[in-house]
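The values are calculated or read from the model by the stated rules, or taken from the named source; none is laboratory data. These numbers come from a predicted model, not from an experiment. All Cβ positions, even for glycine, are placed from backbone atoms using ideal geometry, and neighbour counts span all protein chains on display. Side chains are part of the model used for accessible areas, which takes the heavy atoms of the whole protein and leaves out ligands, DNA and RNA. Shrake-Rupley method; radii C 1.70, N 1.55, O 1.52, S 1.80 Å.
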There are 2 protein chains.
Amino acid sequence: MQTTPATLEESHPADICSARPSRHARPDGQDRYTISEVVAFTGLTAHTLRWYERIGLMPHVDRSHTGQRRYSNRDLDWLDLVTKLRLTGMPVADMVRYAELVRAGSDTYRERQELLEQTRRDVLGRIAELRDTLAVLDRKISFYATEGTTR
Amino acid sequence: MQTTPATLEESHPADICSARPSRHARPDGQDRYTISEVVAFTGLTAHTLRWYERIGLMPHVDRSHTGQRRYSNRDLDWLDLVTKLRLTGMPVADMVRYAELVRAGSDTYRERQELLEQTRRDVLGRIAELRDTLAVLDRKISFYATEGTTR
DNA sequence: CGCTTGCTTCGAGTGCACTCCAAGGTCATA
DNA sequence: TATGACCTTGGAGTGCACTCGAAGCAAGCG
């Protein structure tokens, strides 16, 4: 018995520091979710999940004997990452690129690292912009607050 | 002689605390910029500037005697705000709504305040999300950093 | 058995925010 | 005054990220 690997590229003996407890794991250890279960977990639509697969943004998803998708915890973790990256404004095409690198194996570690570091810089920049905007909003809100009460 | 009002809704005797020095002001105090000057200042395209006007996102922009646009410092400050709000992910339609409130005069102070406060909450949420994502990125980057060097 | 629910595929449609085009008028400078 | 860069308009086009629809197969249940 072992804990579930956190994400695709980290399913490696040495990845303990980065492994998270899977919040999706079933009591019985079952690891095959239908698309509608994944919809419930992720908030994505079934259409979007299938579309992700079509454009190469998902690793191969397992199928039932009748051809229906059966998602693993690993798939769920991957979707978690994708969702987070989407929030940073990363274009889908870039995520597809990352997915390709993951599929290509551990030879691409260096390139993946660079890609994530660039993304990291982008995220820091976005946060700085948002803080800037927050300052403007606060000035304006306090203007309206005083004007709204003093007249 | 007086300083330039900072933004549309704050051109009010009591708005000194919120006034910024206009970084665009010309030495000769001239206050009528061509569209290409505004392009240079804002980084927006001329197409986008005209489109903003068409959809009601700009206050009325002054024209030369031959019908060409002449932007004021106030217009520039408004564009600054719009650009910041865009970065927060606020839909253009919401900004148009805000612009309408500004046009409608000081009766809408309360509503404008509420709109900005909602936006403020959204921005705080976005920042939290981005920080979350940053944590994930950092974990993955350090994974690749150690894996990349130890094998 | 019939019914409901959920799944499959592919291709077409949607909404947003621009982005560009064509045809023509204007402005600064050599 | 001529040249070339810049400006005007309305409408059409683009790219992204979904989002939906149609037709049909499969599983569970009263």
Name the pairs: first residue in the range B:54-83 and under 22 Å from A:VAL136 (Cβ atoms), second residue basic (Lys, Arg) and open to solvent by less than 10 Å² (accessible area, probe 1.4 Å), Cβ to Cβ under 7 Å, at least 6 apart or on different chains? none
Restricting to the range A:31-41, give me the number of residues that are near DNA strand C (Cβ under 8 Å from one of its atoms) and either over 20 Å from A:LEU87 (Cα atoms) or over 16 Å from the mean Cα position of the chain (by Cα) (or both). 4
Selection count, the range B:88-123, where residues are within 16 Å of DNA strand C (Cβ to nearest atom) and either touching a residue at least 12 places away in the same chain (Cβ under 8 Å) or under 11 Å from the mean Cα position of the chain (by Cα) (or both): 15
Among residues of the range B:80-100 being closer than 17 Å to B:ARG121 by Cα and hydroxyl-bearing (Ser, Thr, Tyr), the residue surrounded by the most Cβ atoms within 10 Å (Cβ to Cβ) is B:TYR98
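Being under 15 Å from the mean Cα position of the chain (by Cα), modelled with pLDDT of 90 or more, away from chain A (no Cβ under 14 Å) and within 9 Å of DNA strand D (Cβ to nearest atom) is true for just one of B:LEU76, B:LEU57, B:LEU44, B:LEU49. Which residue is that? I'd like the intermediate steps shown before the answer.
Working: B:LEU76 fails: within 9 Å of DNA strand D (Cβ to nearest atom); B:LEU57 fails: within 9 Å of DNA strand D (Cβ to nearest atom); B:LEU44 fails: within 9 Å of DNA strand D (Cβ to nearest atom).
Among B:LEU76, B:LEU57, B:LEU44, B:LEU49, only B:LEU49 is under 15 Å from the mean Cα position of the chain (by Cα), modelled with pLDDT of 90 or more, away from chain A (no Cβ under 14 Å) and within 9 Å of DNA strand D (Cβ to nearest atom).
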Checking B:ARG103 against (1) basic (Lys, Arg); (2) open to solvent by 50 Å² or more (accessible area, probe 1.4 Å); (3) facing another protein chain (nearest Cβ under 7 Å), only one condition comes out false. Which one? (3)
If A:LEU85 satisfies all but one of (1) within 12 Å of the chain's Cα centre (by Cα); (2) within 16 Å of DNA strand C (Cβ to nearest atom), what's the number of the condition it fails? (2)
With the condition being of a type in the set (A, V, I, L, M), I'd like the helices (runs of 4 or more DSSP H) fully within the range A:30-140 carrying at least 3 qualifying residues. A:35-42, A:73-87, A:92-103
